[in-house]
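The values are calculated or read from the model by the stated rules, or taken from the named source; none is laboratory data. Small disclaimer: the values here were computed from a predicted structure and weren't measured. We place every Cβ from the backbone using ideal geometry, glycine too, and count neighbours over all the protein chains shown.
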Amino acid sequence: MLKNLDPLLNADVLHALRSMGHGDEVVICDANFPAVAVASGTVLGKPLRLDGGSAPRAVRAVLSVMPLDTFIAHPASRMEVVGEPGTIPAVQREAQREVDRAEGRAVPFASIERFAFYERARRAFCVITTGEERGYGCFVFTKGVLLAPDAPQG
């Protein structure tokens, strides 16, 4: 065990998150997402697994160590419900609370159509699949930077 690290985070996920640079994207997805097929096109080339938690719980864990990008308008995105792009399922509302809590401010999700989401996910640094059984528990997060206290902030 390590101090001050979410116990859901395993060594593979921590290594991937640490390896990412500013502007790289991580996908957190539900158990229904075609993670193996999509992840084969990512920088990492294989899916990572956080089977022990829901998608919102995985969002909390990942964002406990990874800052979101403050230089872009939408560092957090969600998969749209097919045929109902304005519908926000419970899993996405729960994840939104985790994002806002982690950032200490409102960071509304941008929405991405399902097939556009798959294409964007293929270009991500990595895909993390969860044990989330509810549909539409799929998100993209853009990594930000941590600057020294005396450095200009973005």
I'd like to know if region 16-25 contains one or more residues that are within 17 Å of SER77 (Cβ to Cβ), modelled with pLDDT of 95 or more and among the aliphatic types (A, V, I, L, M). yes
Checked against (1) closer than 27 Å to VAL36 by Cβ; (2) free of Cβ contacts under 8 Å to residues at least 24 places away in the same chain, ARG105 satisfies every condition except (1)
ALA148: more than 20 Å from LEU8 (Cβ to Cβ), exposed (fewer than 14 other Cβ atoms within 10 Å of the Cβ), over 15 Å from the mean Cα position of the chain (by Cα) and at pLDDT 95 or above, yes or no? no
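Name the one entry in GLY104, GLY45, GLY131 that is closer than 22 Å to PRO7 by Cα and over 16 Å from the mean Cα position of the chain (by Cα).
Details: GLY45 fails: closer than 22 Å to PRO7 by Cα; GLY131 fails: over 16 Å from the mean Cα position of the chain (by Cα).
When all the criteria are applied, what remains is GLY104.
May I ask you to list the residues in region 93-131 that are in a helix (DSSP H, G or I) and of a type in the set (Val, Ile, Thr)? First the steps, then the outcome.
Going through region 93-131, the residues in a helix (DSSP H, G or I) turn out to be 93-103, 114-122.
Within region 93-131, just VAL99 meets the criteria.
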